[in-house]
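**Student:** Dumping the structure here so I can ask a few things about it.
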């Protein structure tokens, strides 16, 4: 836990992440876990995954834009991502972050641009998914998601198992029959609103998994279980079997480059697997935060970060 918290703390230090980012992609540090810095690189990785029978979800890294112009540029980028997936006939969708679409600036602006992206995706017969960010944005994200999903019906939403509120949020969302991506949660949250111990998060993840699959049996939810924890995957598979659910009624999601062994097991079992394909120049904070979720990766991340920082400190200033 100490190492995990240290890595997470480092991920918030722009001076550290910028220095690492100047060398990490070029030297191969991030290549296993980030598809590249450009959309073209992400599309090449996606083509390979789709050729192996996986689905993909493109994710352009970055968050918390500070100007309307920047938000509009992101919106145009998201629309291009959908169009490129469609042009290349790749199976999958895109994941969007509302803070990249100006949520910090104006909620209505963010809602309008999320809707525009969903409209373009719908015109191509495609879907989008909305990421869930820190708890300060949960209510705004739910409001925007509900609005767009009710109108267009082609949106999915991530919900976080470590938040106490998530079960009630699912009750709220049940009437709109949406795709729900269940994650454990990647942000540091207060003990007042979130489970702090892994065993408690795991217990709630299992509980919500069962709830979502029961909803799938009733036609309420299309669940997507985003976890690299074999125990969570096995629980979902067992519950789906208990409910005699067709494999088309749920899916698993994993991150590009993480637990490739488990990804292969899920695929071999005949379950739908969607791989979250992150790309972009702002990859370092994401990379550190997401890897620190798994204690088994903490030493790997720490060693790599220290090696990269040491390498960077010997480079001439740019």
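Nothing in this text is a laboratory measurement; each read-out follows from the coordinates by a stated rule. Given the structure is predicted, the values throughout are model-derived calculations rather than measurements. Note that each Cβ is placed from the backbone with ideal geometry, even for glycine, and that neighbours are counted across all protein chains shown.
**Student:** Once all Cα-Cα distances of the range 167-295 are split into 10 Å bins that start at 0, what whole-number percent is in each one?
**Tutor:** 11, 42, 36, 11, 0
**Student:** Viscosity 0.692 mPa s, temperature 37 °C: Stokes-Einstein D of the range 89-139 from its Kirkwood Cα radius, in µm² per second?
**Tutor:** Working: Rh = 11.7 Å.
Here the translational diffusion coefficient equals 281 µm²/s.
**Student:** Right, here's the next one. In nanometres, what is the gap between the two model label sites at residue 151 and residue 76, each 7 Å from Cα along Cα-to-Cβ?
**Tutor:** In this crude label model, residue 151 to residue 76 measures out at 2.2 nm.
**Student:** Then there's this: If neighbour count is taken as other Cβ atoms inside 10 Å, put 65, 277 in order from fewest to most.
**Tutor:** 65, 277
**Student:** By how many nm would the segment from residue 193 to residue 107 lengthen if fully extended, with 0.36 nm per residue of separation less the alpha-carbon distance?
**Tutor:** Details: separation 86, 0.36 × 86 = 30.96 nm, distance 2.31 nm.
Contour length minus Cα-Cα distance gives 28.6 nm.
**Student:** Given 0.36 nm per residue, what is the gain on full extension from residue 47 to residue 87 after removing their alpha carbon distance, in nm?
**Tutor:** Answer, rounded to one decimal: 13.2 nm.
**Student:** Once you have a ≥ b ≥ c as the square roots of the Cα gyration tensor eigenvalues for the range 70-160, tell me rounded if a/c is under 1.5, and otherwise prolate or oblate according to whether a/b is larger than b/c.
**Tutor:** prolate
**Student:** Also, I was wondering about something else. At a Förster distance of 45 Å, what's the computed FRET efficiency of residue 243 paired with residue 38, Cβ-Cβ distance as r, to 0.05?
**Tutor:** That pair, residue 243 with residue 38, gives E of 0.60.
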